[in-house]
1. How about the stretch 38-107: which strands (runs of 3 or more DSSP E) wholly inside it have at least 3 residues that are touching a helix residue (DSSP H, G or I) at 6+ places or on another chain (Cβ under 7 Å) and either touching a residue at least 24 places away in the same chain (Cβ under 8 Å) or of a type in the set (Phe, Trp, Tyr) (or both)?
2. Mind checking which residues of the stretch 118-141 are hydroxyl-bearing (Ser, Thr, Tyr) and in a helix (DSSP H, G or I)?
Amino acid sequence: MAEPIALITKVIEAQPFAPACALEGNAFLRLLNHHVYEYGRGVRALFLMTLTHGELTSAVERLQRLGVDHFVQNVCPAKANLFFGRAAFVDVARALATRPLNLLTPEEDFMLGALLGYDREQQCLRYLARRQSVALATAAE
């Protein structure tokens, strides 16, 4: 019987699976990389991140390099919401997010939550609760 042949003679050190940003402990970059990975694999079609303006600059540059549709909704002088994903989903999110997210109607909130891939049953319960609170507030006026 023939002796086995070593195809690799050089010892290669094991490379960590996590990207460099994960090893450095940068939570923002870890999360952004995870979302980009999920987007690329088709796990979800729309993502929302609330970021500082410094983080926002890095994220938008990365999304532009990758050709991923996105839009920014300013929250306050220090933070902004970054929506990104498939073009149709981003367009609908842009149409819905014309004011602070806590001021969306129950229907708009439900649609945005569904687009973001949130649990459907929880979205239904949230919608019913918000609709009831709006009805109670309207009746009190």
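1. 46-52, 79-85
2. Of the stretch 118-141, the ones hydroxyl-bearing (Ser, Thr, Tyr) are 118, 127, 133, 138.
Result: 127, 133, 138.
Where a number appears in this text, it was derived from the coordinates with a stated rule and is not lab data. Here the structure is a predicted model, which is why all the values come from computation and not from measurement. Note: ideal-geometry Cβ built from the backbone for every residue, glycine included; neighbour counts use all protein chains shown.
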